[in-house]
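This report refers to the structure that appears directly beneath it.
The values are calculated or read from the model by the stated rules, or taken from the named source; none is laboratory data. On a predicted model such as this, the values are computed, not experimentally measured, just so you know. Virtual Cβ from ideal backbone geometry, glycine too; neighbours counted across all protein chains shown.
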Amino acid sequence: MAQDKTKEIVRVIDAPISDVWAIIAAFGSEKLWFPNVIQSSLEGFGIGHTITYLILGGVPNTKHPRGTLKLTAISDIKTQFSWSGASEWTEPTFKPVLAGMLDEMFNGCMDAIESIFK
């Protein structure tokens, strides 16, 4: 079943992609930048590997929720950070609530990562 995108946040961070990736990919580092993560697991290594996070309380009123984080080098010292949330199904009346939750969560995580480089 296709994923229905609920929210996407895109921001440019003043740091090289390798430095941003080093923070995100460091196993266990999510406690520094991703609040309410209670468990994480790693599958694979290098480009295209998967990190799965379990969030305290989960995501209610959805079926198979998934977040996708993508980094793109804009220049040697700038990285585009894109984070989207989607699910196979979301209770229609809950979609605006979920979009607000994801907006706060994604921006909070990006703020935390960006603050490391200031």
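Counting just the residues of the range 37-64 that are assigned to a strand (DSSP E or B) and at pLDDT 85 or above, which one comes out surrounded by the fewest Cβ atoms within 10 Å (Cβ to Cβ)? Reasoning before the result, please.
Step one: list which residues in the range 37-64 are assigned to a strand (DSSP E or B), which gives 37-43, 50-55, 62-63.
Right, trim to at pLDDT 85 or above and you get 62-63.
Working: THR62: 20, LYS63: 12.
Checked the range 37-64; the qualifying residue surrounded by the fewest Cβ atoms within 10 Å (Cβ to Cβ) is LYS63.
Answer with yes or no whether PHE117 is over 17 Å from the mean Cα position of the chain (by Cα) and either of a type outside the set (S, T, N, Q) or surrounded by fewer than 14 Cβ atoms within 10 Å (Cβ to Cβ) (or both). Break it down into steps so the answer makes sense when it comes.
Working: over 17 Å from the mean Cα position of the chain (by Cα): yes; either of a type outside the set (S, T, N, Q) or surrounded by fewer than 14 Cβ atoms within 10 Å (Cβ to Cβ) (or both): yes.
When the stated conditions are applied, PHE117 passes them.
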Checked against (1) within 18 Å of the chain's Cα centre (by Cα); (2) exposed (fewer than 13 other Cβ atoms within 10 Å of the Cβ), GLY85 satisfies every condition except (2)
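Got a number for residues in the range 65-96 being outside any strand (DSSP E or B) and either in contact (Cβ under 8 Å) with a residue 12 or more places away in the chain or at positive phi (or both)?
Just the residues of the range 65-96 that are outside any strand (DSSP E or B), to begin with: 65, 76-77, 88, 91-96.
Subsequent filtering for residues that are either in contact (Cβ under 8 Å) with a residue 12 or more places away in the chain or at positive phi (or both) retains 65, 76-77, 88, 91, 94-95.
Here the count works out to 7.
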Limited to the range 22-36, what total is found for residues that are farther than 17 Å from GLU104 by Cβ, touching a residue at least 12 places away in the same chain (Cβ under 8 Å) and either in a loop (DSSP other than H, G, I, E, B) or of a type in the set (Asp, Glu) (or both)? 2
